[in-house]
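Everything below concerns the one structure shown next.
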Amino acid sequence: NLNTSFTGDDNLYVRIKSGNTNDWMKSTTYGGYLSSAKGNSDALKVDKIWYQFPVGERNTFWVGPKIENYYMHATAPSIYQPVTKQFTLGGNGNAYGASTDTGAGWAYKADNGFAISSNIGSKSNTSQKTGTPAAYYNTGILTDETKTSWATQIGYTKPRYSGSVIVNVKSNGWSDSYYKAGDINGDATSTDQYTAIGLRGWWRPENTGTAVPSVSAGYDTTDYDASSDRDSAEAWFVGLTWDDLFRPDDKIGLAFGAPTQNED
(Lines give C-alpha, C1' and ligand atoms only; values in the text may rest on other atoms or scores of the structure.)
Protein backbone atom coordinates (compact mmCIF):
# COMPACT_ATOMS: atom_id res chain seq x y z
CA ASN A 1 0.00 0.00 0.00
CA LEU A 2 1.60 3.22 -1.21
CA ASN A 3 0.30 6.58 0.02
CA THR A 4 1.53 9.95 -1.25
CA SER A 5 0.28 13.32 -0.03
CA PHE A 6 1.00 16.63 -1.75
CA THR A 7 -0.74 19.02 0.66
CA GLY A 8 -0.97 16.97 3.87
CA ASP A 9 -4.74 16.59 3.46
CA ASP A 10 -4.97 14.79 0.11
CA ASN A 11 -3.80 11.28 -0.79
CA LEU A 12 -2.68 9.44 -3.92
CA TYR A 13 -3.22 5.75 -3.18
CA VAL A 14 -1.61 2.87 -5.12
CA ARG A 15 -1.91 -0.81 -4.16
CA ILE A 16 0.38 -3.41 -5.70
CA LYS A 17 -0.77 -6.99 -5.29
CA SER A 18 0.20 -10.52 -6.25
CA GLY A 19 -1.13 -13.99 -5.50
CA ASN A 20 -1.60 -17.50 -6.88
CA THR A 21 -5.16 -18.25 -5.74
CA ASN A 22 -7.46 -20.04 -8.16
CA ASP A 23 -10.58 -22.20 -8.50
CA TRP A 24 -12.72 -22.17 -5.34
CA MET A 25 -10.56 -19.55 -3.59
CA LYS A 26 -11.80 -16.87 -5.99
CA SER A 27 -15.08 -18.40 -7.09
CA THR A 28 -18.45 -16.91 -6.14
CA THR A 29 -20.33 -20.11 -7.01
CA TYR A 30 -20.03 -21.75 -3.58
CA GLY A 31 -19.18 -18.73 -1.45
CA GLY A 32 -15.51 -19.66 -1.07
CA TYR A 33 -14.11 -16.43 -2.57
CA LEU A 34 -11.41 -15.32 -0.11
CA SER A 35 -11.33 -11.59 0.65
CA SER A 36 -7.57 -11.52 0.03
CA ALA A 37 -7.61 -13.63 -3.16
CA LYS A 38 -5.55 -12.57 -6.19
CA GLY A 39 -4.78 -14.82 -9.12
CA ASN A 40 -2.01 -13.22 -11.18
CA SER A 41 0.67 -15.83 -10.39
CA ASP A 42 4.08 -14.29 -9.61
CA ALA A 43 3.44 -10.97 -11.34
CA LEU A 44 3.28 -7.75 -9.33
CA LYS A 45 0.38 -5.66 -10.66
CA VAL A 46 -1.26 -2.38 -9.77
CA ASP A 47 -4.49 -3.49 -8.13
CA LYS A 48 -5.90 -0.10 -7.07
CA ILE A 49 -5.06 3.52 -7.84
CA TRP A 50 -7.00 6.68 -7.03
CA TYR A 51 -6.63 10.25 -5.78
CA GLN A 52 -8.75 11.70 -2.96
CA PHE A 53 -8.87 15.28 -1.69
CA PRO A 54 -10.97 17.38 0.71
CA VAL A 55 -13.09 20.39 -0.18
CA GLY A 56 -13.83 22.37 2.95
CA GLU A 57 -14.08 20.57 6.28
CA ARG A 58 -16.89 18.11 5.48
CA ASN A 59 -16.51 17.06 1.83
CA THR A 60 -14.21 14.46 0.26
CA PHE A 61 -13.83 13.68 -3.45
CA TRP A 62 -12.29 10.65 -5.19
CA VAL A 63 -11.27 9.98 -8.78
CA GLY A 64 -9.22 7.16 -10.26
CA PRO A 65 -8.78 4.53 -12.99
CA LYS A 66 -8.84 1.56 -10.56
CA ILE A 67 -11.33 2.00 -7.74
CA GLU A 68 -14.49 0.32 -6.43
CA ASN A 69 -17.67 2.02 -5.21
CA TYR A 70 -17.31 0.98 -1.59
CA TYR A 71 -14.06 2.91 -1.07
CA MET A 72 -16.07 6.09 -1.61
CA HIS A 73 -18.98 5.51 0.79
CA ALA A 74 -19.38 7.90 3.73
CA THR A 75 -20.77 5.36 6.22
CA ALA A 76 -19.19 2.01 7.10
CA PRO A 77 -22.00 -0.51 6.43
CA SER A 78 -20.56 -3.23 8.70
CA ILE A 79 -17.88 -3.79 11.36
CA TYR A 80 -17.65 -7.54 10.73
CA GLN A 81 -14.23 -8.52 9.35
CA PRO A 82 -14.75 -11.44 6.96
CA VAL A 83 -12.53 -14.22 5.65
CA THR A 84 -14.75 -14.84 2.60
CA LYS A 85 -15.81 -12.03 0.30
CA GLN A 86 -19.51 -12.89 0.49
CA PHE A 87 -19.59 -11.43 4.03
CA THR A 88 -17.89 -8.08 3.27
CA LEU A 89 -19.81 -4.83 3.64
CA GLY A 90 -22.69 -6.50 5.46
CA GLY A 91 -23.23 -8.95 2.60
CA ASN A 92 -21.58 -8.56 -0.79
CA GLY A 93 -24.75 -8.75 -2.88
CA ASN A 94 -26.14 -6.46 -5.56
CA ALA A 95 -26.36 -3.36 -3.36
CA TYR A 96 -22.67 -3.33 -2.36
CA GLY A 97 -21.11 -5.69 -4.92
CA ALA A 98 -18.55 -3.76 -6.95
CA SER A 99 -15.89 -4.09 -9.63
CA THR A 100 -12.52 -2.37 -9.99
CA ASP A 101 -12.45 0.18 -12.81
CA THR A 102 -12.80 3.89 -13.54
CA GLY A 103 -14.67 5.74 -10.81
CA ALA A 104 -15.40 9.04 -9.10
CA GLY A 105 -17.29 9.95 -5.98
CA TRP A 106 -18.20 12.46 -3.28
CA ALA A 107 -18.95 12.15 0.44
CA TYR A 108 -20.22 14.59 3.05
CA LYS A 109 -19.85 13.89 6.78
CA ALA A 110 -21.56 16.13 9.33
CA ASP A 111 -20.30 16.45 12.89
CA ASN A 112 -23.49 14.89 14.34
CA GLY A 113 -23.00 11.47 12.69
CA PHE A 114 -25.07 12.06 9.56
CA ALA A 115 -23.36 11.28 6.24
CA ILE A 116 -24.26 11.10 2.56
CA SER A 117 -22.25 9.95 -0.43
CA SER A 118 -22.70 9.29 -4.13
CA ASN A 119 -20.31 7.64 -6.54
CA ILE A 120 -20.09 6.12 -10.01
CA GLY A 121 -18.13 3.13 -11.27
CA SER A 122 -17.75 2.76 -15.03
CA LYS A 123 -16.19 -0.21 -16.81
CA SER A 124 -14.56 2.00 -19.41
CA ASN A 125 -11.25 0.16 -19.11
CA THR A 126 -12.75 -3.22 -20.05
CA SER A 127 -12.10 -4.13 -23.67
CA GLN A 128 -14.13 -6.61 -25.72
CA LYS A 129 -12.85 -10.17 -25.56
CA THR A 130 -12.74 -12.47 -28.58
CA GLY A 131 -16.13 -14.08 -29.08
CA THR A 132 -17.86 -11.76 -26.61
CA PRO A 133 -21.22 -10.34 -27.77
CA ALA A 134 -21.18 -6.70 -28.82
CA ALA A 135 -23.49 -5.95 -25.87
CA TYR A 136 -20.47 -6.40 -23.60
CA TYR A 137 -18.26 -3.90 -25.42
CA ASN A 138 -17.50 -0.74 -23.44
CA THR A 139 -17.07 2.66 -25.05
CA GLY A 140 -16.31 5.86 -23.16
CA ILE A 141 -17.56 6.82 -19.70
CA LEU A 142 -21.25 7.15 -18.74
CA THR A 143 -22.44 6.27 -22.23
CA ASP A 144 -25.19 3.87 -23.28
CA GLU A 145 -22.50 1.38 -24.30
CA THR A 146 -20.68 1.28 -20.96
CA LYS A 147 -21.50 -0.80 -17.90
CA THR A 148 -22.17 1.60 -15.03
CA SER A 149 -22.86 1.37 -11.30
CA TRP A 150 -24.21 4.49 -9.56
CA ALA A 151 -24.50 4.16 -5.77
CA THR A 152 -25.94 6.70 -3.32
CA GLN A 153 -25.79 6.08 0.43
CA ILE A 154 -27.26 7.86 3.45
CA GLY A 155 -26.14 6.89 6.95
CA TYR A 156 -26.00 7.82 10.62
CA THR A 157 -23.17 6.71 12.91
CA LYS A 158 -22.47 6.97 16.62
CA PRO A 159 -19.59 5.30 18.53
CA ARG A 160 -21.65 2.19 19.41
CA TYR A 161 -24.11 1.89 16.51
CA SER A 162 -24.78 2.80 12.89
CA GLY A 163 -27.52 2.50 10.28
CA SER A 164 -27.50 3.19 6.55
CA VAL A 165 -29.41 2.70 3.33
CA ILE A 166 -27.92 2.53 -0.16
CA VAL A 167 -29.50 2.66 -3.62
CA ASN A 168 -27.34 1.24 -6.41
CA VAL A 169 -28.47 1.50 -10.04
CA LYS A 170 -26.54 -0.83 -12.36
CA SER A 171 -27.02 -0.49 -16.10
CA ASN A 172 -25.93 -1.74 -19.52
CA GLY A 173 -25.23 -5.29 -18.35
CA TRP A 174 -23.09 -4.42 -15.32
CA SER A 175 -21.88 -7.52 -13.49
CA ASP A 176 -19.89 -8.00 -10.29
CA SER A 177 -19.55 -10.61 -7.57
CA TYR A 178 -22.81 -12.50 -8.08
CA TYR A 179 -25.55 -11.80 -10.64
CA LYS A 180 -26.14 -9.36 -13.46
CA ALA A 181 -29.61 -8.68 -14.79
CA GLY A 182 -29.21 -11.06 -17.73
CA ASP A 183 -28.45 -13.99 -15.42
CA ILE A 184 -31.76 -13.59 -13.62
CA ASN A 185 -33.63 -13.14 -16.90
CA GLY A 186 -31.95 -16.13 -18.55
CA ASP A 187 -30.45 -13.96 -21.30
CA ALA A 188 -26.65 -14.14 -21.35
CA THR A 189 -26.30 -11.11 -23.64
CA SER A 190 -28.73 -8.92 -21.72
CA THR A 191 -27.89 -5.28 -21.03
CA ASP A 192 -30.75 -4.92 -18.54
CA GLN A 193 -30.74 -2.31 -15.82
CA TYR A 194 -31.49 -3.15 -12.21
CA THR A 195 -31.85 -1.23 -8.96
CA ALA A 196 -30.67 -2.67 -5.65
CA ILE A 197 -31.56 -1.27 -2.22
CA GLY A 198 -29.39 -2.27 0.74
CA LEU A 199 -30.16 -1.81 4.43
CA ARG A 200 -27.22 -2.05 6.85
CA GLY A 201 -26.75 -1.67 10.56
CA TRP A 202 -24.31 -2.55 13.33
CA TRP A 203 -24.12 -2.34 17.12
CA ARG A 204 -21.33 -3.05 19.59
CA PRO A 205 -21.32 -3.39 23.38
CA GLU A 206 -19.84 -0.75 25.62
CA ASN A 207 -17.00 -3.04 26.74
CA THR A 208 -15.11 -5.77 24.91
CA GLY A 209 -13.94 -9.04 26.46
CA THR A 210 -17.43 -10.19 27.44
CA ALA A 211 -19.77 -12.86 26.07
CA VAL A 212 -21.83 -10.16 24.34
CA PRO A 213 -20.73 -9.80 20.66
CA SER A 214 -20.97 -6.88 18.30
CA VAL A 215 -23.65 -7.45 15.66
CA SER A 216 -23.68 -6.47 11.98
CA ALA A 217 -26.67 -7.10 9.72
CA GLY A 218 -27.64 -6.48 6.13
CA TYR A 219 -30.56 -7.01 3.75
CA ASP A 220 -30.69 -6.39 -0.01
CA THR A 221 -33.59 -6.35 -2.43
CA THR A 222 -33.17 -5.99 -6.19
CA ASP A 223 -35.64 -5.10 -8.96
CA TYR A 224 -34.75 -6.05 -12.54
CA ASP A 225 -36.27 -3.58 -14.97
CA ALA A 226 -36.59 -5.71 -18.09
CA SER A 227 -37.27 -9.10 -16.51
CA SER A 228 -40.75 -10.55 -16.77
CA ASP A 229 -41.19 -13.73 -14.72
CA ARG A 230 -38.12 -13.20 -12.52
CA ASP A 231 -38.23 -9.55 -11.55
CA SER A 232 -36.74 -9.42 -8.05
CA ALA A 233 -34.13 -10.99 -5.79
CA GLU A 234 -33.05 -10.83 -2.15
CA ALA A 235 -29.94 -11.33 0.00
CA TRP A 236 -29.26 -11.19 3.74
CA PHE A 237 -26.39 -11.33 6.26
CA VAL A 238 -25.78 -11.46 10.03
CA GLY A 239 -22.28 -11.29 11.51
CA LEU A 240 -21.21 -11.62 15.16
CA THR A 241 -17.82 -10.55 16.53
CA TRP A 242 -16.24 -11.10 19.95
CA ASP A 243 -13.24 -8.84 20.67
CA ASP A 244 -10.60 -9.46 23.38
CA LEU A 245 -12.51 -12.47 24.66
CA PHE A 246 -9.53 -14.59 25.83
CA ARG A 247 -6.66 -12.11 25.51
CA PRO A 248 -6.13 -8.59 24.10
CA ASP A 249 -6.54 -8.22 20.34
CA ASP A 250 -8.33 -11.55 19.95
CA LYS A 251 -11.10 -11.41 17.38
CA ILE A 252 -13.61 -14.24 16.93
CA GLY A 253 -16.22 -14.04 14.21
CA LEU A 254 -19.25 -16.02 13.08
CA ALA A 255 -21.48 -15.13 10.12
CA PHE A 256 -24.58 -16.42 8.37
CA GLY A 257 -26.12 -15.27 5.12
CA ALA A 258 -27.39 -15.87 1.60
CA PRO A 259 -26.12 -14.29 -1.63
CA THR A 260 -28.41 -12.65 -4.16
CA GLN A 261 -31.09 -15.18 -5.09
CA ASN A 262 -34.37 -15.07 -6.92
CA GLU A 263 -37.63 -15.39 -5.00
CA ASP A 264 -38.68 -18.53 -6.88
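Structure notes:
- From the list 69, 59, the lone residue that is at pLDDT 95 or above and either more than 30 Å from residue 255 (Cα to Cα) or not small (Gly, Ala, Ser) (or both) is 59.
- Screening residue 37 on (1) open to solvent by less than 30 Å² (accessible area, probe 1.4 Å); (2) over 20 Å from the mean Cα position of the chain (by Cα); (3) small (Gly, Ala, Ser) shows it passes everything except condition (2).
- Of all the listed residues (54, 82), the sole one being open to solvent by 30 Å² or more (accessible area, probe 1.4 Å) and either touching an Asp or Glu at 6+ places or on another chain (Cβ under 6 Å) or among the polar types (S, T, N, Q) (or both) is 54.
- Here is the figure for the range 85-123: residues that are open to solvent by less than 40 Å² (accessible area, probe 1.4 Å) and of a type in the set (Phe, Trp, Tyr) total 2.
- Meets criteria (without any contact (Cβ under 8 Å) to a residue 40 or more places away in the chain, open to solvent by less than 50 Å² (accessible area, probe 1.4 Å) and within 29 Å of residue 109 (Cβ to Cβ)) for residue 17: yes
- Members of the range 198-215 found to be open to solvent by 60 Å² or more (accessible area, probe 1.4 Å) and in contact (Cβ under 8 Å) with a residue 60 or more places away in the chain, listed by number: 204
- Considered as a group, the residues in the range 20-34 that are in contact (Cβ under 8 Å) with a residue 12 or more places away in the chain and open to solvent by 60 Å² or more (accessible area, probe 1.4 Å) include one that is farthest from residue 88 (Cα to Cα), and that residue is 20.
- For the range 1-14, a residue qualifies if it is open to solvent by less than 90 Å² (accessible area, probe 1.4 Å), polar (S, T, N, Q) and part of a strand (DSSP E or B), and the qualifying residues are 4, 11.
- Qualifying residue in the range 89-100 (condition: in a strand (DSSP E or B) and touching a helix residue (DSSP H, G or I) at 6+ places or on another chain (Cβ under 8 Å)): no
- Filter result (at pLDDT 80 or above and open to solvent by less than 20 Å² (accessible area, probe 1.4 Å)) within the range 124-152: 146, 147, 148, 149, 151
The values are calculated or read from the model by the stated rules, or taken from the named source; none is laboratory data. The structure presented is a predicted model; accordingly, all values stated were derived computationally and were not measured. In this analysis, Cβ positions are derived from the backbone assuming ideal geometry, glycine residues included, and neighbour counts consider all displayed protein chains. Each accessible area value is taken on the protein alone, full model and side chains, heavy atoms only, with ligands, DNA and RNA left out. Shrake-Rupley method; radii C 1.70, N 1.55, O 1.52, S 1.80 Å.
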